[in-house]
Amino acid sequence: MSAQPDSLSWRHALLALAVTAVWGSNFVIIHAALEHLPPLLFAALRFAFSLLPAALFLKRPAVPWRNLAAYGLLVGAGQFGLLYIAMNGHITPGLASLVVQTQVFFTIGLATMISGERVRPFQVLALIVTLAGVGIILHHTDKTTTALGLGLVLVAAAAWAGSNIVVRATPNADMLAYVVWASLFAVPPLLAFSLAFEGWPQIRAGLASADAVTWGAVLWQAIGNTLFGYAMWGWLLSRYPVAAVAPMALMVPVFGMGSSALVLGEPLQSWKLQAAGLVMTGLAINLLWPRLRARLAAVTSLPLPPSAR
């Protein structure tokens with residue numbers, strides 16, 4: 001078996017950039033769908049279209065049903081259910097795309113509690129820097145970004161982290177098929193919650209008012225965000241080391257905040273830029289420091305040339 005290359009080729013770097021652009025700009029598309037659909041119904045429709053018709057063509061991955069069920073519940077009712085509720089008037093799309101990336105630190109914390117992984121000093125520093133950015137957002141809450149919205153997105157990030165831990169239990173699974181079949185367990189609770197909390201009159205009104213843009217946004221959640229995004233990201237991870245691919249995820253909030261500003265006119269005040277800088281610096285420290293330290297170690301361990309001895 002040939003060794004994996006250390007860095008992305010320019011074509012594959014462009015592919016990774018396309019995935020992050022889809023994932024980042026998706027927050028604007030979510031905003032468009034929420035103009036008509038109640039959030040829990042919207043989430044249920046997203047996973048329904050992720051499940052069918054793809055499940056008819058993709059074989060169920062060879063993982064226990066309990067893993068699929070846990071992942072579907074965490075990602076469906078947890079991550080996206082709460083994220084959509086938060087974005088329904090409680091937080092701006094740009095800030096949502098930024099804050100949800102704190103899932104990195106929730107994942108580290110859960111891994112520490114469950115499997116006893118050791119937290120390293122650079123991870124503590126990264127968390128402190130990121131929390132400083134979240135603190136700036138909390139300090140500037142207003143009618144467009146509320147404390148409730150910030151809290152819901154943080155809980156959504158924690159649910160995302162929980163799904164990451166579930167996936168780690170079956171590292172060799174086909175991730176695209178995994179996501180598709182796990183959607184089977186996301187749809188029923190989301191529909192039940194929608195009926196319980198949003199009610200049939202609101203559901204009926206949302207479906208009746210949905211236009212082509214709304215249904216396009218729903219389909220994009222399933223096809224662009226889920227099927228294309230996860231398939232291509234998984235394909236890249238199968239061909240390159242994680243350290244070569246993962247840093248590209250730093251572009252998601254860049255596209256998220258940029259598209260929200262361009263399309264929706266979300267203002268980028270200085271405090272938002274400061275918060276974004278701190279959160280992304282924390283993420284960068286967590287993602288890039290091990291790779292940088294390995295390179296520094298390699299450089300310092302090189303033997304001196306004869307002329308320098």
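The values are calculated or read from the model by the stated rules, or taken from the named source; none is laboratory data. These numbers were taken from a predicted model, which means no experiment stands behind them. Virtual Cβ from ideal backbone geometry, glycine too; neighbours counted across all protein chains shown. Heavy atoms of the whole protein, side chains included, go into the accessibility calculation; ligands, DNA and RNA do not. Shrake-Rupley method; radii C 1.70, N 1.55, O 1.52, S 1.80 Å.
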Subject >> Failed item, numbered, when T170 is tested on (1) more than 16 Å from the chain's Cα centre (by Cα); (2) at pLDDT 85 or above >> reply: (2)
Subject >> Matching residues, the range 79-101, being open to solvent by less than 20 Å² (accessible area, probe 1.4 Å), among the small types (G, A, S) and more than 26 Å from V129 (Cα to Cα) >> reply: G81
Original post:
When you look at I91, is it assigned to a helix (DSSP H, G or I) and touching a residue at least 24 places away in the same chain (Cβ under 8 Å), yes or no?
Top reply: no
Original post:
If you take the residues in the range 248-279 that are polar (S, T, N, Q) and part of a helix (DSSP H, G or I), which one is surrounded by the fewest Cβ atoms within 10 Å (Cβ to Cβ)?
Top reply: S270
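Would a scan of the range 16-23 turn up a residue that is open to solvent by 10 Å² or more (accessible area, probe 1.4 Å) and more than 20 Å from V279 (Cα to Cα)?
Applying the first criterion (open to solvent by 10 Å² or more (accessible area, probe 1.4 Å)) to the range 16-23 yields 17-18, 21-23.
Narrowing the set further to residues that are more than 20 Å from V279 (Cα to Cα) leaves 18, 22.
Yes: one or more hits.
Checking the structure you have, find out if any residue of the range 6-26 is farther than 23 Å from R168 by Cα, assigned to a helix (DSSP H, G or I), touching a Gly at 6+ places or on another chain (Cβ under 8 Å) and at pLDDT 95 or above. Spell out how you get there, then give the answer.
Here is the first cut: in the range 6-26, the residues farther than 23 Å from R168 by Cα are 7-15, 17-18, 21-22, 24-26.
Filter again for assigned to a helix (DSSP H, G or I), leaving 10-15, 17-18, 21-22, 24-26.
Now restrict to residues that are touching a Gly at 6+ places or on another chain (Cβ under 8 Å): 22, 24-26.
Then drop every residue that is not at pLDDT 95 or above, which leaves none.
Taking every residue of the range 6-26 in turn, none turns out to be farther than 23 Å from R168 by Cα, assigned to a helix (DSSP H, G or I), touching a Gly at 6+ places or on another chain (Cβ under 8 Å) and at pLDDT 95 or above.
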Subject >> Hey, V218 in contact with a Lys or Arg (Cβ under 9 Å, 6 or more places away or on another chain) and at pLDDT 90 or above or not >> reply: yes
Subject >> the range 208-248: number of residues that are of a type in the set (F, W, Y) and in contact (Cβ under 8 Å) with a residue 60 or more places away in the chain >> reply: 4
Original post:
What residue, of A276, A246, is closer than 21 Å to S25 by Cβ, under 17 Å from the mean Cα position of the chain (by Cα) and modelled with pLDDT under 75?
Top reply: A246
**OP:** Can you run down the residue pairs with Cβ atoms below 7 Å, 6 or more apart or on separate chains, where the first is in the range 134-157 and over 16 Å from A77 (Cα atoms) and the partner is aromatic (F, W, Y) and modelled with pLDDT under 95?
**Re:** I136/W271; H140/W271
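What residue, among those in the range 138-167 that are of a type in the set (S, T, Y) and open to solvent by less than 30 Å² (accessible area, probe 1.4 Å), is nearest to the chain's Cα centre (by Cα)? Spell out the reasoning first.
As a first pass, look at the range 138-167 and keep what is of a type in the set (S, T, Y): 141, 144-146, 163.
Retained after the next criterion (residues that are open to solvent by less than 30 Å² (accessible area, probe 1.4 Å)): 145, 163.
Numbers: T145: 19, S163: 11 Å.
Once the filter is applied, the top-ranked residue is S163.
For the condition open to solvent by less than 20 Å² (accessible area, probe 1.4 Å) and aromatic (F, W, Y), what is the one hit in F57, F49, F27? Outline the logic, then answer.
Working: F57 fails: open to solvent by less than 20 Å² (accessible area, probe 1.4 Å); F49 fails: open to solvent by less than 20 Å² (accessible area, probe 1.4 Å).
Unique residue meeting the criteria: F27.
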Subject >> Pick from the range 203-214, criterion over 28 Å from the mean Cα position of the chain (by Cα) and under 11 Å from L37 (Cβ atoms), ranking: surrounded by the most Cβ atoms within 10 Å (Cβ to Cβ) >> reply: A205
Original post:
Mind checking which residues of the range 106-137 are surrounded by fewer than 15 Cβ atoms within 10 Å (Cβ to Cβ) and of a type outside the set (A, V, I, L, M)?
Top reply: T112, S115, G116, E117, R118, R120, P121, G135
